[in-house]
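Step one of this worksheet: look at the structure below.
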Amino acid sequence: MSGPDPLFLVKTSFYTGSYRQCVKEAQKLQVSEQVVALERDILMYRAYLAQGKYGLVLDECGSRHAPEFQALVLLTRYLQNSKSKDEIVSQVGNVLNDGAASMSPDIVAVLCANIYLLAGDYDSALRVTNSVSSLDAHAVSVQALLQMNRVDLARKEVKKMQDLDEDATISQLSLAALNVTLGQDKIQEAFYIYSELAEKFGPTPILLNGQATCYILQGKVEMSEDLLQKALDMDNDHPETLINLHVVSLYLGAGDSSKRYLSQLRNAHPNHSYVAFLAEKERHFDELCGVKS
């Protein structure tokens, strides 16, 4: 029987979105096994990425040649660079080939799959995650399948995660995401998961947004706004919080607030997929208006 996971606090902090705590836990954790130390470091740098500290990650990892760090640098460049994304994605295959014989192929696969996921290439993301078997890989598969509206297959991936470790934080979050998509009575189950994690590890913007989304789907929009304001107090530029507040404000008839949240999102996260989605819709609308006029 295996002992406790030495990376439990590092992983939990990262998965729940407590990124500063993740960095703190990683920096103070001393481990002797190389594979564990590598996973610790990768999680720490991914927490830095989540905080938008791309330069720091490139400065500290740009010259490291291990495939795991090559994949991390590629992900960093993708997040940082809005003009060379296609060129960056074209390099993923080479990194994957190098990663096949690396110390931790799972880490390489998950990082590369995340690039495909961000690029909207869900088939490629699934092809990569299907080559390994880890909770993180299955979690990426769940995200991709939900984006593809393949809830049936996402349910199977969640079952695989539960078979590996039903109580793991990432398994719980994947189940919550699936339940939100399933809707109806499953929404309340998702809310319980987000609430339990928040009570156990402390509220974070990710968990508060999860709860707020459940409230929105249940028609409790005013209650969702309270949670989103708490999330905004924790991170004034958190993209999902700004998106949800934009939508909620529209629903509640607060047009000025809705515009302000959208403007803040565009300024803080100009390359966010939601910003690109709205820009595309606005372009189509302008084209239609031009045709009609």
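Out of 73, 31, 57, 23, report the one residue that is in contact with a Pro (Cβ under 6 Å, 6 or more places away or on another chain) and without any contact (Cβ under 8 Å) to a residue 60 or more places away in the chain. Break it down into steps so the answer makes sense when it comes.
Numbers: 73 fails: in contact with a Pro (Cβ under 6 Å, 6 or more places away or on another chain); 57 fails: in contact with a Pro (Cβ under 6 Å, 6 or more places away or on another chain); 23 fails: in contact with a Pro (Cβ under 6 Å, 6 or more places away or on another chain).
Just one listed residue meets the conditions, 31.
Answer yes or no as to whether residue 232 is free of Cβ contacts under 8 Å to residues at least 12 places away in the same chain and among the hydrophobic types (A, V, I, L, M, F, W, C). When the stated conditions are applied, residue 232 does not pass them.
Just one residue in the set 190, 176, 254 is under 23 Å from residue 47 (Cβ atoms) and either small (Gly, Ala, Ser) or without any contact (Cβ under 8 Å) to a residue 24 or more places away in the chain (or both); that residue is 176.
Just one of (1) farther than 17 Å from residue 39 by Cβ; (2) surrounded by fewer than 19 Cβ atoms within 10 Å (Cβ to Cβ) fails for residue 133. It is (1). In region 158-170, the residues that are within 21 Å of residue 206 (Cα to Cα) and in contact (Cβ under 8 Å) with a residue 24 or more places away in the chain reach residues that are aromatic (Phe, Trp, Tyr) and surrounded by 14 or more Cβ atoms within 10 Å (Cβ to Cβ) with C-beta atoms within less than 8 angstrom, at least six apart or across chains, in these pairs: 169/15; 169/201; 170/15.
Throughout, read-outs are computed from the coordinates displayed, never taken from laboratory work. All values derive from a computational prediction rather than experimental measurement. Don't worry about glycine lacking a Cβ; one is built from the backbone with ideal geometry, like all the others, and counts go over all protein chains shown.
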